[in-house]
Amino acid sequence: MLKKFLPKDYVKSIYEITPELLKERNIKGIITDLDNTLVEWDRPLATPKLTQWFKNMSDHGIHVVIVSNNNEKRVHAFAEPLGIRYIYKAQKPIGKAFRKALAMMDLQKEETVVIGDQLLTDILGGNRSGFHTILVVPVAQTDGWMTRINRSIERKLLKWFDKKGLLHWEGSSSGK
Ligand SMILES: [Mg+2]
C-alpha cells in the first residue's frame, strides 16, 4: 500500500531532468507540478534558468503541461508568459487532471513522466494513474498552508522508505 507513495525516480532539482535522458526512455511529455517543483511556491514568475529549461524541452520536441492544485490566478500568471499549457485546481492525487493533460499532449501515459515535490499529491496521483513518477527536492523549505499538513505525513513516509532502503532522500531526515 505504501509503495503507492514511492517515486520511480528522485532528483535534487528539475534541472537534472534533460531531454536527452527522457528520450533515452522514449519519453515525449512532461506533466509537472508548479509550486516548490519549478519555483518557490511564493515566486510569481519563472526564473531565467527555468525559462531556458522549458525552451530546451520545447526545442527537443518534449511536450510540457503544468498540472497544479493551485488556483487559476496563480497558475495562469505563471504559465501564460512562458506559453506553457496548464491545468489549475487539478485536485491531485485524483487522476482526472493527468488524463486531461495527456489528451492535451496527445500522448500515452507510457510516454509521459509526472514530476512533483509532494508524495501525497504528485507521486501518489502519478503512480495510481500508471505514470513514471519523479520526485524532486522542494525548491523552498516553506509551503503554503494547505501543504504543511501533507508534509508531516510525507516526512514519516520518507523516513520509512529510507529505513527500508527504498529511497535515500536527503530531505528525509531534515527538520521542518
Ligand atoms: Mg508542489
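Does region 25-32 contain at least one residue that is touching a strand residue (DSSP E or B) at 6+ places or on another chain (Cβ under 6 Å), open to solvent by less than 30 Å² (accessible area, probe 1.4 Å), among the hydrophobic types (A, V, I, L, M, F, W, C) and within 16 Å of the ligand (Cβ to nearest atom)? Looking through region 25-32, at least one residue is touching a strand residue (DSSP E or B) at 6+ places or on another chain (Cβ under 6 Å), open to solvent by less than 30 Å² (accessible area, probe 1.4 Å), among the hydrophobic types (A, V, I, L, M, F, W, C) and within 16 Å of the ligand (Cβ to nearest atom). Taken as a whole, the condition of being over 22 Å from LEU21 (Cα atoms), modelled with pLDDT of 95 or more, surrounded by 18 or more Cβ atoms within 10 Å (Cβ to Cβ) and within 16 Å of the ligand (Cβ to nearest atom) applies to THR121.
Taken over region 101-117, the criterion of being out of contact with any Phe, Trp or Tyr (no Cβ under 7 Å at 6 or more places or on another chain) and either part of a helix (DSSP H, G or I) or open to solvent by 20 Å² or more (accessible area, probe 1.4 Å) (or both) is satisfied by ALA101, LEU102, ALA103, MET104, MET105, ASP106, LEU107, GLN108, GLU110, GLU111.
Do you know which residues across region 121-148 are in a loop (DSSP other than H, G, I, E, B), farther than 18 Å from TRP169 by Cα and among the hydrophobic types (A, V, I, L, M, F, W, C)? Of everything in region 121-148, just one residue is in a loop (DSSP other than H, G, I, E, B), farther than 18 Å from TRP169 by Cα and among the hydrophobic types (A, V, I, L, M, F, W, C), namely PHE131.
Note on region 58-69: residues that are surrounded by fewer than 20 Cβ atoms within 10 Å (Cβ to Cβ) and touching a strand residue (DSSP E or B) at 6+ places or on another chain (Cβ under 9 Å) total 1. Of the residues making up region 46-100, just one is in a helix (DSSP H, G or I), free of Cβ contacts under 8 Å to residues at least 12 places away in the same chain and either among the hydroxyl-bearing types (Ser, Thr, Tyr) or in contact with a His (Cβ under 8 Å, 6 or more places away or on another chain) (or both), namely SER58.
The values are calculated or read from the model by the stated rules, or taken from the named source; none is laboratory data. Just so it is clear, the structure is predicted and the values come from calculations on it, not from any experiment. Note that we place each Cβ from the backbone using ideal geometry, even for glycine, and neighbour counts take in every protein chain shown. Note: areas computed on protein heavy atoms with side chains; ligands, DNA, RNA excluded. Shrake-Rupley method; radii C 1.70, N 1.55, O 1.52, S 1.80 Å.
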